[in-house]
Amino acid sequence: MPKDSGIGASSKRREDVRFLTGQGNYTDDINIHGQAHVHFLRSDIAHGTINRIDTSAAETMPGVVRIFTGADFEALGGMPCGWQVTDKHGEPMQEPKHPILAHGKVRHVGEPIAAVVADTLEQARDAAEAIVLDIAELPAVVDMKAAVKADAPKVHDDLPSNLCYDWGFVEENKAATDEAFEKAAHVTTLELVNNRLVANPMEPRVAVGEYARGTDEHTLYTTSQNPHVIRLLMGAFVLGIPEHKLRVVAPDVGGGFGTKIFHYQEEAFCTFAAKACNRPVKWTSSRSEAFMSDAHGRDHVTKIELALDADNNFTALRTDTYANMGAYLSTFAPSVPTWLHGTLMAGNYKTPLIYVNVKAVFTNTVPVDAYRGAGRPEATFQLERVIDKAAQELGVDPVALRRQNFITEFPYATPVAVEYDTGDYHATMDKVLELSDRAGFEARRKDSEARGKLRGFGINCFIEACGIAPSNLVGQLGARAGLYESATVRVNATGGLVVMTGSHSHGQGHETSFAQVVADMIGIDENMIEIVHGDTSKTPMGMGTYGSRSIAVGGSAMVRATEKIIAKAKKIASHLLEASEGDIELKDGAFSVAGTDKSVAWGDVTLAAYVPHNYPLEDMEPGLEETAFYDPSNFTYPAGAYTCEVEVDPETGVVSIERFASADDFGNVINPMIVEGQVHGGIAQGIGQALLENCAYDENGQLLTASYMDYTMPRADDLPGMADYIVDHSCQTPCTHNPLGVKGCGEAGAIGSPPTVINAIIDALRSGGHQVDHIDMPATPAKVWAAMQG
Amino acid sequence: MTQVSMTVNGKAASGEVEGRTLLSSFLRENLHLTGTHVGCDTSQCGACVVHVNGEAVKACTILAAEAAGAEVTTIEGMANADGSLSVLQQSFQDHHGLQCGFCTPGMVMSAAALLKENPKPTEAEVRDYLEGNICRCTGYHNIVKAIMAASGQEVAAVAAE
């Protein structure tokens, strides 16, 4: 029986009511009396030397408050990078200065050159058109392999080359891995591209800066997944504002998917300009600006090789990847192709030797950073594609080849530095094959063929590392931050609770699911609990929401704080009941003395905490408020198996997804309805990557996809129908090292689905006699049709 | 600047606008009805869908001045008179048809227009009708479910286990 409240219940989301009635409070809904608007004049060329910026005519335009250029920010720090990767020789990565407004050169289309602050947005735009720019265009580099050649134009003149780092992992494994390849009975090689994507949360980014001259306090309202991180990065490294004078608020945020993790120039600008102009300053991104200023995702070019012995056991894996950084290092960019990618190359398999090489490259393109899955989709795509190709070459069943090589004993230390605590990969494989009715596939294929279509079945397994992350470990790996989470639980006198969490909800439904956890622990109604997030002045320190970390890390902090509350409440109850503390039990919102009928209600205990007339004041402070910081001891490792059936029209190359099934192991699940929604969304983004989405540049660095006219977002009719689509999370091996046994579910769909779709397409084409080994994403009709023509 | 007047959610509304002011801006900036969202600049995303004289219209595709004299309904005007959620809004909550909530106003307004012209749409008709509304969070699955359920058709229960 499904539960109707607490942990495991599909509680309806409380946040929905405001969103469904137009009462949400998104950053663009915030307007401050007297605010001015800023419009950024952005580079329309990829690479050039700025000879002159003449703002004199623009400054006389109606409504103009002030015009800023790079010279105004020369003395300030640049945009900081939060992760320093060390290369295979032990040297730190190359880290160029990232100015708030371009200074000296422009390095990508969309880079802000000047900022016009005016009374109205229209006036700011009009004035920007009157700015005269003299920029001498330079040759641009877009292709990563061309960018690392000796004669390539340099994105940063003060760096030795366009190579950010050349990373080897694990360097000590390289010789043994190479040796295993020499001894292999079979080697499968595949070269592929993981296409550049744009995250595209439906709410464009917005920043509103405000400054109180009387108290010297700055406030930034911003569309962020982690307001505390923005406060720290912007305050400490960019503008030099101490945290106690800087408040960052991220109210209702309309989706993030990674791209709202990072600290952006527009946030620093609005904060700075509010003081400089002595007026609140507001910026709202247009969608076109979003395409050329939000950090992009993916963009890897990879060669992967898999070695097998004569019995088809995987003996070694070797990869060579070029990862695009764009023109500057976005906040967490260096970590994505390294520690979020190399560490996942074992996948679900007991491959004993793995060596990963990643060359991170600067190009004249928008910076690239984490997008839903971040490194893990790139790892999964190449691994699961090469396994499918190996199965084809060896003439074995791709399911059997995977099963034969599955890790089955836990904990399992991979050769790429992580230890999986728990999992059951056969269970999710069994489940997905049952859900997808693989046994009935041949009949469905015959039916498709009778209609002139090619039908393919794709299988894929994946693992991810979530619940990011142990601070001491990530510190050793180059993170310039800790990755704990914090929570404060404030119990009010009349028994209601406010939970202030450092996690940030921007669609994930924390206001509902976090309340379910606390309600379950105390045994009270969920509606007695309010979840507060997204405001540095209200919540303790927070590292924010990304990497499927909220329930695993933020939820654990909340559990620890609630445990402290319960421990203190039991002491109060023992005083009120005149019983020994060890005999006090908490159940269904009441404290009782074990083995007796004596009890005291939750509300009586909380009232005693704040009206301490009958209270052990000599032993304990009044009040009932506790804070906990939780630093995870390991990552969590959600895993699963996905299947997809496609039909390909051999006349046109059009691919349609006919069936899709997922079997995920997320450990324990707090709210199944919300979890399934997360998987639906992730799968839609993964199908988007596989079939539709692509961020394209021409050879001059001109962005070709800068609107929804050019960049294909998945629509409702691009996705499988209700009857042929099942998402399942019934296989559960609870995480062994966090108090809730949870693993995280936000990214799984986007990680697991792209290779599933491509594997299905290749299977369909080969069933039609087309000897196609691989198609790069997105598998558009043109590409699929061309592949069929040989 | 010109004065425009219209009826919004049953009440008279007016304001000073430039000739180039879009209806979406007028609703958000002049009338402070911030439930109508703007998610793109090419009339693709549909977050700004409102009803103008009963028809679903992207509020970023018409000028405020063009809507002078019209009857406009926004997401703020969709709840029941007592403030409770309408059948369609309730169905979105019941079937988890929203996550971040940003596309939601446009989705609800489009869905309401669909059900007015086609009270019992098939799944394919719902998906086809939503061509002009982009959602990045839900994968549309639960939106389609919510609309089908609001039309009185049987759909599988959410998170059935």
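The values are calculated or read from the model by the stated rules, or taken from the named source; none is laboratory data. All values reported here derive from a predicted model rather than from experimental measurement. Every residue, glycine as well, gets a Cβ built from its backbone with ideal geometry; the counts of neighbours run over all protein chains shown.
Couple of notes before you dig in:
- If you go through the range A:322-337 and keep only what is touching a Phe, Trp or Tyr at 6+ places or on another chain (Cβ under 9 Å) and surrounded by fewer than 24 Cβ atoms within 10 Å (Cβ to Cβ), you end up with just A:Gly326.
- Flag if A:Asn324 is under 30 Å from A:Glu171 (Cα atoms) and touching a Leu at 6+ places or on another chain (Cβ under 7 Å): no
- Filtered residue count, the range B:4-46, keeping only those that are part of a strand (DSSP E or B) and hydrophobic (A, V, I, L, M, F, W, C): 7
- Test result for A:Ala561, without any contact (Cβ under 8 Å) to a residue 12 or more places away in the chain, among the small types (Gly, Ala, Ser), in a helix (DSSP H, G or I) and not assigned by TED's automatic domain parsing to the domain that holds A:Asp421: no
Yes/no matrix, rows are residues, columns are (1) polar (S, T, N, Q); (2) out of contact with any Pro (no Cβ under 8 Å at 6 or more places or on another chain); (3) buried (at least 22 other Cβ atoms within 10 Å of the Cβ):
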| site | (1), (2), (3) |
| --- | --- |
| A:Phe660 | no, no, yes |
| A:Asn671 | yes, yes, yes |
| A:Gln685 | yes, no, yes |
| A:Ala690 | no, no, yes |
| A:Gly721 | no, yes, no |
| A:Gly768 | no, no, no |
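- Within the range A:707-735, if we keep just the residues that are assigned to a helix (DSSP H, G or I) and facing another protein chain (nearest Cβ under 7 Å), the residue that is nearest to A:Ala427 (Cα to Cα) turns out to be A:Met722.
- Criterion: in a loop (DSSP other than H, G, I, E, B), among the polar types (S, T, N, Q) and either within 27 Å of A:Cys644 (Cβ to Cβ) or not assigned by TED's automatic domain parsing to the domain that holds A:Ser767 (or both) - qualifying residue of A:Thr428, A:Thr422: A:Thr422
- The condition of being away from chain B (no Cβ under 14 Å) and under 30 Å from A:Ala199 (Cα atoms) holds for only one of A:Gly452, A:Gly502, that being A:Gly502.
- Of the criteria (1) touching a His at 6+ places or on another chain (Cβ under 7 Å); (2) within 14 Å of chain B (Cβ to nearest Cβ); (3) charged (D, E, K, R), which one A:Glu74 fails: (2)
- Of all residues making up the range A:730-752, the number that are in contact with a Phe, Trp or Tyr (Cβ under 6 Å, 6 or more places away or on another chain) and of a type outside the set (D, E, K, R): 3
- Pairs linking a residue in the range A:591-614 that is of a type in the set (Lys, Arg) to a residue that is not in a strand (DSSP E or B), with Cβ atoms under 9 Å and 6 or more positions apart or on different chains, are A:Lys598/A:Leu577; A:Lys598/A:Glu578; A:Lys598/A:Ala579.
- Every residue from the range A:711-753 that is among the charged types (D, E, K, R), under 19 Å from A:Pro201 (Cα atoms) and in contact (Cβ under 8 Å) with a residue 24 or more places away in the chain: A:Asp718, A:Glu747
- Flag if A:Thr380 is surrounded by fewer than 24 Cβ atoms within 10 Å (Cβ to Cβ), among the β-branched types (Val, Ile, Thr) and within 27 Å of A:Ile683 (Cβ to Cβ): no
- Residues considered: B:Lys116, B:Lys145. Of these, the only one that is among the basic types (Lys, Arg) and crowded, with 19+ Cβ neighbours inside 10 Å is B:Lys145.
- Output for the range B:65-123, where each listed residue is in a helix (DSSP H, G or I) and within 8 Å of chain A (Cβ to nearest Cβ): B:Ile75, B:Glu76, B:Gln89, B:Phe92, B:Gln93, B:Asp94, B:Thr104, B:Pro105, B:Val108, B:Glu123
- Selected residue [farther than 20 Å from A:Val336 by Cβ and outside the structural domain of A:Gly256 (by TED's automatic domain parsing)] from A:Asp388, A:Asp369: A:Asp388
- Residues that are within 23 Å of A:Asn759 (Cβ to Cβ) and either in a strand (DSSP E or B) or touching a strand residue (DSSP E or B) at 6+ places or on another chain (Cβ under 7 Å) (or both), drawn from the range A:397-413: A:Pro398, A:Val399, A:Arg402, A:Asn405, A:Phe406, A:Ile407
- Residues (β-branched (Val, Ile, Thr) and outside any loop (DSSP other than H, G, I, E, B)) located in the range A:1-55: A:Val17, A:Thr27, A:Val38, A:Thr49, A:Ile50, A:Ile53
- Checked against the criterion of being in a strand (DSSP E or B), in contact with an Asp or Glu (Cβ under 6 Å, 6 or more places away or on another chain) and more than 27 Å from B:Gly39 (Cα to Cα), the candidates A:Thr302, A:Thr315 yield just one match: A:Thr315.
- Exactly one residue out of B:Ala146, B:Ala157 is at pLDDT below 95, more than 23 Å from B:Lys11 (Cα to Cα) and more than 8 Å from chain A (Cβ to nearest Cβ): that is B:Ala157.
- Within the range B:127-142, the set of residues being assigned to a helix (DSSP H, G or I), facing another protein chain (nearest Cβ under 7 Å) and within 17 Å of the chain's Cα centre (by Cα) comprises B:Arg127, B:Asp128, B:Leu130, B:Glu131, B:Asn142.
- Residue match in the range A:425-439 (condition: surrounded by fewer than 18 Cβ atoms within 10 Å (Cβ to Cβ), free of Cβ contacts under 8 Å to residues at least 12 places away in the same chain and farther than 27 Å from A:Cys745 by Cβ): yes
- The single condition among (1) at pLDDT 95 or above; (2) away from chain B (no Cβ under 14 Å); (3) assigned to a loop (DSSP other than H, G, I, E, B); (4) buried (at least 17 other Cβ atoms within 10 Å of the Cβ) that A:Ala115 does not meet is (3).
- The selection criterion, being closer than 30 Å to A:Pro734 by Cβ, more than 7 Å from every other protein chain (Cβ to nearest Cβ) and among the β-branched types (Val, Ile, Thr), holds for A:Ile7.
- Note on the range A:248-288: residues that are within 14 Å of chain B (Cβ to nearest Cβ) and acidic (Asp, Glu) amount to 1.
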